[in-house]
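Report on the following structure.
The values are calculated or read from the model by the stated rules, or taken from the named source; none is laboratory data. In this text, all values refer to a predicted model and were calculated from it rather than measured experimentally. Here Cβ is always computed from backbone atoms with ideal geometry, including for glycine, and neighbour counts include all displayed protein chains. Accessible surface is based on the protein model in full, side chains and every heavy atom, while ligands, DNA and RNA are left aside. Shrake-Rupley method; radii C 1.70, N 1.55, O 1.52, S 1.80 Å.
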Amino acid sequence: MKKIIALPLALFILSCSSSQIAQKNPAKADVAKYMNTITPADLKKHLFIVAGDEMEGRNTGTEGQKKAGRYLISQYEANGISYPKGAENFYQPVPSAFMARAFSPKLNDSENIWAFIEGTEKPEEILVISAHYDHVGMKNGEIYNGADDDGSGTVALLEIAQAFMQAKKDGYGPKRSILFLHVTGEEHGLHGSRYYSENPLFPIENTIADLNIDMIGRRDDDHKDNGNYVYVIGSDRLSTELHNINEAANEKYTKLELDYRYNDRNDPNRFYFRSDHYNFAKHGIPIIFYFNGVHADYHKPGDTPDKIEYDLLAKRAQLAFATAWELANRENRPVVDKNGE
């Protein structure tokens, strides 16, 4: 049995508060150091698993989707990142009945998956970073792997989370809490994000922003000769400040061409309404939707991990990280000065 040695009271107090003393000012952190832990090689490793044939296209509520979910959880656990406070595990169950729609196939029960890094100064304020991990499954015996849609966003979340966790281990934990939210049922009607927004683990008014990542691994026909762009949608719909934060992060760290074409209020594609960020925006929460546009393999069996441009995927994920870093660590949450239209 280990011998117990009595410590002087002052030394005991110092020992108990060491974790607080170790916390450093995030303003002094080398953000680029952590941003650069998001690498093409790691993204590729994850994506060949998440969008591999054994996941059978990750259709909502299927064993293939659940298998992909177990992989995501294993990676959070490997990085020492747990599920949120107040939750029993990494799953938020989304019942089949909630996802029922007229004239649509019945879906099985499914789950959102969440991971969490608690804030050091304003833990009650929550930054959500989201991506859907479902796809459309199999059709006529063919696997629709969904590597870009949205395996790319799914693995970006893993890498962004590990970058924040590395910073925390170095004493630069985020001031605000960060919820990494992998939602289900997006392809069938944005069900998982709608479920979370209507059944939030934390008060919805405490959510300061949602950064949603849906398809960031390829390029579209309008950018065939441009491997350095990303579409930014919705950044100014509710908060001018959020828009400016993302622009500043890009200018400082990634220098991507930010294409706002699909943010046009008259855009016939209506992408602003077609991914999971919208279920936050409709509650008045500022959002950014990062997107690479539609390509020839969109919702086709050809959306496979070998076609992903991993350098470009990494750079887009790094922009999301840099913007998230600023949001998590700035003095005030972004001001809502617009109505979302």
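Take segment 94-124 and flag every residue that is touching a helix residue (DSSP H, G or I) at 6+ places or on another chain (Cβ under 6 Å), under 21 Å from Ala324 (Cα atoms) and surrounded by fewer than 19 Cβ atoms within 10 Å (Cβ to Cβ).
Glu124
Looking at (1) more than 24 Å from Lys33 (Cβ to Cβ); (2) surrounded by fewer than 19 Cβ atoms within 10 Å (Cβ to Cβ), can you tell me which one Ser275 breaks?
The single condition Ser275 does not satisfy is (2).
Looking at Ser239 and the list (1) under 18 Å from Gln318 (Cβ atoms); (2) among the small types (Gly, Ala, Ser); (3) more than 19 Å from the chain's Cα centre (by Cα), which single condition is not satisfied?
(1)
Would you point out which residue out of Ala248, Ala167, Ala161, Ala156 is within 15 Å of Glu326 (Cα to Cα) and either of a type in the set (Lys, Arg) or in contact with a strand residue (DSSP E or B) (Cβ under 6 Å, 6 or more places away or on another chain) (or both)?
Exactly one residue qualifies, and that residue is Ala161.
Among the residues of segment 210-224, write down those that are buried (at least 23 other Cβ atoms within 10 Å of the Cβ) and either out of contact with any helix residue (DSSP H, G or I) (no Cβ under 8 Å at 6 or more places or on another chain) or at negative phi (or both).
Asp210, Leu211, Asn212, Ile213, Asp214, Ile216, Gly217, Arg218
Those residues that are in contact (Cβ under 8 Å) with a residue 60 or more places away in the chain and surrounded by 20 or more Cβ atoms within 10 Å (Cβ to Cβ), I need them from segment 225-235; list them, please.
Val230, Tyr231
Please go through segment 268-322 and give me each residue that is part of a loop (DSSP other than H, G, I, E, B), over 17 Å from the mean Cα position of the chain (by Cα) and under 20 Å from Glu159 (Cα atoms), ordered by number.
Answer for segment 268-322, where residues must be part of a loop (DSSP other than H, G, I, E, B), over 17 Å from the mean Cα position of the chain (by Cα) and under 20 Å from Glu159 (Cα atoms): Thr304, Ile308, Glu309.
Mind listing whichever residues of segment 185-207 are open to solvent by less than 10 Å² (accessible area, probe 1.4 Å) and more than 18 Å from Ser110 (Cβ to Cβ)?
Thr207, the sole residue that qualifies.
Could you check, for segment 255-267, whether at least one of its residues is among the polar types (S, T, N, Q) and either crowded, with 24+ Cβ neighbours inside 10 Å or part of a helix (DSSP H, G or I) (or both)?
Checked against the condition, which is being among the polar types (S, T, N, Q) and either crowded, with 24+ Cβ neighbours inside 10 Å or part of a helix (DSSP H, G or I) (or both), segment 255-267 yields at least one hit.
In segment 173-184, is there at least one residue being over 24 Å from Arg316 (Cα atoms) and surrounded by fewer than 23 Cβ atoms within 10 Å (Cβ to Cβ)?
The answer is no; no qualifying residue exists.
If a residue counts only when it is modelled with pLDDT of 95 or more and among the β-branched types (Val, Ile, Thr), which strands (runs of 3 or more DSSP E) contained entirely in segment 74-145 have at least 2 such residues?
Ranges flagged: 110-117, 122-132.
Determine the pairs where a residue that is free of Cβ contacts under 8 Å to residues at least 24 places away in the same chain, located within segment 196-208, has a partner that is open to solvent by less than 60 Å² (accessible area, probe 1.4 Å) and hydroxyl-bearing (Ser, Thr, Tyr) with Cβ atoms under 8 Å apart, the partner being 6 or more residues away or on another chain.
Pro200/Thr207
Being out of contact with any strand residue (DSSP E or B) (no Cβ under 7 Å at 6 or more places or on another chain) and either within 19 Å of Leu319 (Cβ to Cβ) or open to solvent by less than 10 Å² (accessible area, probe 1.4 Å) (or both) is the filter here; which residues of segment 278-304 pass it?
Asn279, Asp303
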